[in-house]
Amino acid sequence: MDLRSEKIQRILSKYKFHDVAVEELQKIYRIYPEMMPSTGTYSRSYNIPIQLWLMDSFPFTPPICLLRPTSNMVIREGKHVDKEGRLHLPGLHNWDYPKSTVVGLLTEMISKFEEDPPLSSKMTVDNKDPHELLAFVSNLQINDGGRTHDQQNIKVSVIGGGDLGMSSVMSILSKCKVDKLVFIDIAESSTKGGSTDLEMFSLPKVEVSKDLSASAGSRVVVVTANSWSSEQSYVSVVQNNVDMYRGIIPTVAQLSPNAVMLIASQPVDIMSHVAWRQSCLPPTHVIGAGCNLDSERLSHILDINLNAHKPAWVIGELSDNKVAVMSKTGHSSNVQPEIAAGSSSTKPLLDRAFEMMKNRGQRSWSVGLSIADITNSILTNKMKTHSVSTLAQGWGGIGAEVFLSLPCIMGTNGSMRLAGVSLGQEEDSKLRESVTSLSNLISQLRI
């Protein structure tokens, strides 16, 4: 076998084990002298069906990318694809428009899929590996009532210690029916504490960990962690939280891709926005605790103290610019709630209720109860309307990509905003001011 040609020598020089490769080729020639060497480029061609969901905030947020295998294909779970077929690529996690484009994303997919194809042909019964069949049978489990183990396992994770983390754990245990509650007290958070006490007293269903991997498979992930510092500027203080989130959110989203992420870190509207960007989850699956506590207090005052038996919500930024709105229908109505347009008849009532709740602070235990109530609505698919921090773009004429508290129906599939309405002049002005303020802050952060 003549291996002396310049072209063949050039190709072989790139081989990691050049001498051994040449020796093997010479052996082949001695046994099969009719075989002649030639060079070429080996490539594989795959037709991989994918689906891209472009959200209403595209192109500033990345597409949701899913594999859509045909009936004779199966998903190969791996580094870049989960068992549901959702793609997790560096280009998605680091999406930064206008640098990031769908064309670039598709190019990355081609490269990654050539290295590690995400789909394989489905084996028929005739050619199925007997060892694979044996493994499948050994993993079969008897279930009750037709429900699988995965369906029964209701798992919630709370990430971040301190008073709020502990309050959230205790409130969720009291309010919600869970099979496991994981409490992760991460080292990077300034709000630490509580994990040692939980370990000492061994509460049923509670697992204490310092590893984010313990949150895998959660239905709801609550994030209460904060990373405060002595930085002088407010932007620098918030940036510390953003930097901490970068080490938490993408990992948690990959470990629980179907979870609803509930943010309670401060400032909640900004951190909910950051979590959504970093997680690459749909906006319906990333919410903040926002004005839910104020909304529950407002509705209670209206119902008990002022004899107005209609739900009401506090919306907007969790600041002095928050405003109140009321439902068109009463508490007992079976129809989907709608926000009543701002009017001179409801404003005095809402203003009075607002005044009565002014001195009620946002204490850790009360926020924890609010978090548990939202969590319960998600786990039980209650379809209750909560005022949570959500992507507000497109609501009531808001054009900017910001997170604000808005009335959302909460269930197992996350949040669904109620339709926007025209607000009173004062309320609309406060909302617009918050949009400008939040947009300005988010633009200064390195997410």
Taking every pair of Cα atoms in the chain, average 1/r, invert it to obtain the Kirkwood radius, and report Rg/Rh to two decimals.
1.10
Considering only protein heavy atoms and a 1.4 Å probe, what is the carbon-and-sulfur percentage of the accessible area of region 50-119?
56 percent
Which is farthest toward the positive dipole end of the chain among Gln239, Leu318, Pro69, measuring Cα position about the Cα centre, with Cβ charges +1 (Lys, Arg) and -1 (Asp, Glu)?
Pro69
Please list log₁₀ I(q)/I(0) at q = 0.11 Å⁻¹ for region 291-444, using the Debye equation with identical point scatterers on the alpha-carbon positions.
-0.40
Given +1 on the Cβ of Lys and Arg, -1 on the Cβ of Asp and Glu, and no further charges, what dipole in debye does region 50-119 carry about its Cα centre, rounded to the nearest 20?
80 debye
Binned at 10 Å from 0, what are the whole-percent values of the Cα-Cα distance distribution for region 50-119, short to long?
20, 54, 23, 3
Per residue, in Å², the accessible surface of the chain once ligands and nucleic acids are set aside, probe 1.4 Å
53 Å²
To the nearest 20 debye, the chain has a Cα-centred charge dipole, built from +1 on Lys and Arg Cβ and -1 on Asp and Glu Cβ, of 420 debye
Karplus-derived 3J(HN,Hα) from phi for region 63-77 (6.51 cos²θ - 1.76 cosθ + 1.60, θ = phi - 60°), whole Hz, x at Gly and Pro, runs x, 8, 10, 10, 7, 10, x, 6, 5, 9, 10, 10, 7, 9, 4
Loop-resident trypsin sites (Lys or Arg not before Pro) in region 230-336 with no more than 14 other Cβ atoms inside 10 Å, DSSP not H/G/I/E/B, are Lys328
Lys/Arg +1, Asp/Glu -1 at C-beta; the chain dipole; positive extreme among Tyr29, His18, Trp228:
Tyr29
For region 306-447, give the percent of accessible area contributed by carbon and sulfur heavy atoms, probe 1.4 Å, rounded to a whole number.
49 percent
Toward the positive end of the charge dipole of the chain, about the Cα centre and with charges on Cβ (Lys, Arg +1; Asp, Glu -1), which of Gly91, Ile248, Met261 goes farthest?
Met261
Taking chymotrypsin sites (Phe, Trp or Tyr not before Pro) as exposed when DSSP calls them loop (any state but H, G, I, E, B) and at most 11 other Cβ atoms lie within 10 Å, what is the longest stretch of the chain free of them, the sites themselves excluded?
47-447
When the helix-only estimate is applied to the chain (DSSP H runs of n ≥ 4, each -39,500 (n - 2.57), divided by the residue count), what is the mean residue ellipticity at 222 nm, nearest 500 deg cm²/dmol?
-10500 deg cm²/dmol
For the chain, built as a Gaussian network whose Cα springs stay under 10 Å, the top-fluctuating residue of Val102, Val223, Val242
Val102
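The values are calculated or read from the model by the stated rules, or taken from the named source; none is laboratory data. Since this is a predicted model, take the numbers as computed values, not measurements. For neighbour counting, all protein chains shown are included, and Cβ atoms are generated from backbone atoms with ideal geometry for every residue, glycine included. The protein model used for the area step is the full one, side chains on, heavy atoms only, and it has no ligands, DNA or RNA in it. Shrake-Rupley method; radii C 1.70, N 1.55, O 1.52, S 1.80 Å.
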